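What follows is one structure encoded as structure tokens, with my remarks underneath.
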Amino acid sequence: MSRENICIIIRRVNSSSTPLDSLRGTIERITFYNEENGYTVARFLPEGKSNVVTVVGNLMGASVGESLRLEGVWLNHPQHGRQFEIKRFSLQLPATIEGLKKYLGSGLIKGIGPVTAERIVKHFKLETLYVIENDVGRLSQVDGVGAKRIEIIRRGWAEQKQIKEVMLFLQSHGVSTSLAVKIYKQYGDGALHVVQREPYRLARDIYGIGFLTADKIARAIGIKEDDPARIEAGVRYVLGKFSDDGHVFARRDDLIRDSVDALGAPAQLAEEAIARLTKAEELYVEDEAIYLAPFYYAEIGVANRLKQIHASPQSRLAEFRATDWNAAFEWIAAKNKIALTEKQRQAVQTALTSKVSILTGGPGTGKTTSVRALIQLLKAKRRSFKLAAPTGRAAKRLSEATGEPAQTLHRLLEFKPFEGNKFMRDRENPLDADLIIVDELSMIDLLLANALLKAIDITSHVLFIGDPDQLPSVGAGNVLKDLIASKFVPVVALDVIFRQSEDSLIIENAHRINQGQMPLFAKTAKDFFLFTESEPAQAALRVVDLVKHRIPRKFDMNSIDDIQVLSPMHRGEVGVGELNRALQDALNPAEEGKREWRHGSRVFRIGDKVLQTRNNYNKQVFNGDLGRVVAIDPEEQLLGVDFDGTRVDYEFSEADELVHAFAMSVHKAQGSEYRAVVIPILTQHFLLLQRNLLYTGVTRAKQLVVLVGTPKAIAIAVRNDKVAQRNSRLAQRLGSP
């Protein structure tokens, strides 16, 4: 098979009558890559030259080490100097020994990394690609390449050819290489068939491909604007956006309006699609509320199960109804040398005598003390209990606070990803515990709440703990606030602040913020500071300096492990994205011998702090889990991440589940605590400045809070207590007055 037939990809970027220059050579380094449109800035080594040049333009699908033929024009950029602007390019198989080493060593083919590439090319020279394509068994002639590795390379090469076919088709429609890989991994050899015949399946089946990408492909292959499959996919997409914003349902008028905007189609077509999807039981319509079916059944399920538990006269803790509570609390006081307040006593008594109850309160109000007392009484009566929280970090905090084992809700409910993504604990196989204590209820969305309540035995008790003034769950629903508003479940709200030393301002300021008052910045303060910066660029520099130098030096903290930067927004100079780039450069810079791997515009390095961005049940890692990159293996195409002592391996194609976490959003930090938090808060954030966001951010800190910004921005946040309302009928279903 000739070299030319193995793989050639041509990407037309711009048609023009202007005569074009051409360059042949190799991509040495990609310095910037936009995953959405493929715009790339790269360092390129022309054939026969010793100096690299800068090339800019669309290089979607190209990787470091690949040989390209570029067509374009030379430009003089006023800031960056001479550049070659790409109008179109073709991917050539490398024709030089050095090019082959870089091409094969780039991690493109599973089983071949830089060291193995060096050995193979040294042995076969310019015949290398022919051997891999036509006579792969000959690789056994190379030291260190055995039968097992040859099979990995054979499969990797075949897979790459398939991926390139998908990529060739997708590139003409502006779809990134990483999505082409995912599509191939999802559908295998049937990938092109699905892409060409059922493009809207991509949005349903593959994480990272939404309706807009699927629609772009569908329209390009000729699917008409009014095609029923397109309209149905669009309605599902719009309703999904409502749930992404926290809504359990959409009002019909809002859904029709947004569907018309998204699809550019008449309202009548959206109405007809809703009717078809309702008949197919994908949607559920109740009055003017339209639900995706899982959310409707979850809302009904939560309300009904709570009513069933409440109505059942049987109780595994019935003996506590006859308790001499004065004697019980005197025993607790003697045992702990601390007397519970009236509200704390009420919380303990309610949990033991009411089948379902809620304990709320801000930081330092004694929730943990109440739970410890509750556990002591359970142990004294030899009653069983389980502790759980929505995330691993929240469960760890709960365990440390109580001295008892705690687990994530998924582990508690025995989630089995390989058995149909099912919770093994349910109505038929309920949890065996007299009392189940669930912390951080504000983080629990409606679907998870439904799974939990299904698994609670009708004779058991459940105590929910949470702070309704924090940000609501990332997923749809507002379970804690709905339960409180319904007045169906007894609620005890602790309001006396205990945990506060005289020279500490963290807890006092958290409560001041929550009450709509400006935080205090005393000259004598030791744990709450404001560094005034009004310009985003200067604020970003200040954040980096604080994290790298000032806080570690003054407070003896580790820049990566102990300090967390929390930003109200994702974009801009003090947004999560840019701060992560700046902090990575400052805290974990590139070094000779330190492995790294580029994924789109991001570079992952050994030692990087990373965050899992979605629930991955197969790997047992969940949205919000924090880890450190501990291994990068270009031969196996694996990225290894340590999550609190457990290593999880990601294929390179799965790396979009990870983002850097030197900085993160306040929402992602919920349920976690850090020794120190640094929060940039500027007037440029004004659309996102809310009281519950600042309150949640401040309450993540155990020892130190540093705000970087202006008093005006802080005042905007403190005054803005308008919490976006979420569409939900849970409180109403429970009999909200």
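The values are calculated or read from the model by the stated rules, or taken from the named source; none is laboratory data. Since this is a predicted model, take the numbers as computed values, not measurements. When we count neighbours, we look across all protein chains shown, and the Cβ atoms used for this are built from the backbone with ideal geometry, even at glycine. To get the accessible areas, we keep the full protein, side chains included, count just its heavy atoms, and leave off ligands, DNA and RNA. Shrake-Rupley method; radii C 1.70, N 1.55, O 1.52, S 1.80 Å.
If you filter the range 645-673 down to residues that are hydroxyl-bearing (Ser, Thr, Tyr) and open to solvent by 10 Å² or more (accessible area, probe 1.4 Å), you find that the one that is nearest to residue 597 (Cα to Cα) is 653.
For the range 574-599, the candidate set comprises residues that are open to solvent by 60 Å² or more (accessible area, probe 1.4 Å) and not acidic (Asp, Glu); within that set, the residue that is farthest from residue 108 (Cα to Cα) is 581. Among the residues making up the range 281-302, those that are outside any strand (DSSP E or B) and of a type outside the set (Gly, Ala, Ser) are 281, 282, 287, 288, 294, 295, 296, 297, 299, 300, 302. When we screen 552, 568 for residues that are within 29 Å of the chain's Cα centre (by Cα), modelled with pLDDT of 95 or more, open to solvent by less than 50 Å² (accessible area, probe 1.4 Å) and not aliphatic (A, V, I, L, M), the only hit is 552.
Could you go through the range 106-119 and let me know if any residue there is under 18 Å from residue 25 (Cα atoms) and at pLDDT below 90. Break it down stepwise before answering.
Taking the range 106-119 as the starting set, the residues that turn out to be under 18 Å from residue 25 (Cα atoms) are 106, 108.
Next cut, at pLDDT below 90 only: 106, 108.
Yes, there is a match, as at least one residue in the range 106-119 is under 18 Å from residue 25 (Cα atoms) and at pLDDT below 90.
Kindly establish whether residue 676 is more than 18 Å from the chain's Cα centre (by Cα), in a helix (DSSP H, G or I) and small (Gly, Ala, Ser).
no
Checked against (1) touching a strand residue (DSSP E or B) at 6+ places or on another chain (Cβ under 7 Å); (2) outside any helix (DSSP H, G or I); (3) open to solvent by 50 Å² or more (accessible area, probe 1.4 Å), residue 310 passes all but condition (2). For residue 120, state whether it is surrounded by fewer than 16 Cβ atoms within 10 Å (Cβ to Cβ), without any contact (Cβ under 8 Å) to a residue 40 or more places away in the chain and in contact with a helix residue (DSSP H, G or I) (Cβ under 9 Å, 6 or more places away or on another chain). Spelling it out, it is not the case that residue 120 is surrounded by fewer than 16 Cβ atoms within 10 Å (Cβ to Cβ), without any contact (Cβ under 8 Å) to a residue 40 or more places away in the chain and in contact with a helix residue (DSSP H, G or I) (Cβ under 9 Å, 6 or more places away or on another chain).
Output yes when any residue across the range 601-611 is out of contact with any strand residue (DSSP E or B) (no Cβ under 6 Å at 6 or more places or on another chain) and assigned to a loop (DSSP other than H, G, I, E, B), and no when none is. Scanning the range 601-611 turns up at least one residue that is out of contact with any strand residue (DSSP E or B) (no Cβ under 6 Å at 6 or more places or on another chain) and assigned to a loop (DSSP other than H, G, I, E, B).
Write out, first by first residue and then by second, each pair whose Cβ atoms fall under 7 Å of each other, whose residues are 6+ apart or on separate chains, and whose first residue, in the range 388-414, is touching a residue at least 60 places away in the same chain (Cβ under 8 Å) and on the phi > 0 side of the Ramachandran plot while the second is outside any helix (DSSP H, G or I) and open to solvent by 20 Å² or more (accessible area, probe 1.4 Å). The qualifying pairs do not exist here. Would you check which residues across the range 648-673 are part of a strand (DSSP E or B) and out of contact with any Pro (no Cβ under 8 Å at 6 or more places or on another chain) and list them? Answer for the range 648-673, where residues must be part of a strand (DSSP E or B) and out of contact with any Pro (no Cβ under 8 Å at 6 or more places or on another chain): 648, 649, 650, 651, 658, 659, 660, 663, 664. Taken over the range 469-504, the residue count meeting the criterion of being modelled with pLDDT under 90 and buried (at least 20 other Cβ atoms within 10 Å of the Cβ) is 6. Of the residues 65, 137, the single one that is assigned to a loop (DSSP other than H, G, I, E, B) and either over 17 Å from residue 160 (Cβ atoms) or not aliphatic (A, V, I, L, M) (or both) is 65. The residue that is least open to solvent (accessible area, probe 1.4 Å), among those in the range 62-79 that are farther than 13 Å from residue 92 by Cβ and not polar (S, T, N, Q), is 72. Can you tell me which residues in the range 347-371 are modelled with pLDDT under 95 and open to solvent by 50 Å² or more (accessible area, probe 1.4 Å)? Correct list: 368 only.
From the list 316, 321, 276, 305, which one is of a type in the set (Lys, Arg) and part of a loop (DSSP other than H, G, I, E, B)?
316
Does the range 723-732 include one or more residues that are hydrophobic (A, V, I, L, M, F, W, C) and open to solvent by less than 10 Å² (accessible area, probe 1.4 Å)?
Checked the range 723-732: at least one residue is hydrophobic (A, V, I, L, M, F, W, C) and open to solvent by less than 10 Å² (accessible area, probe 1.4 Å).
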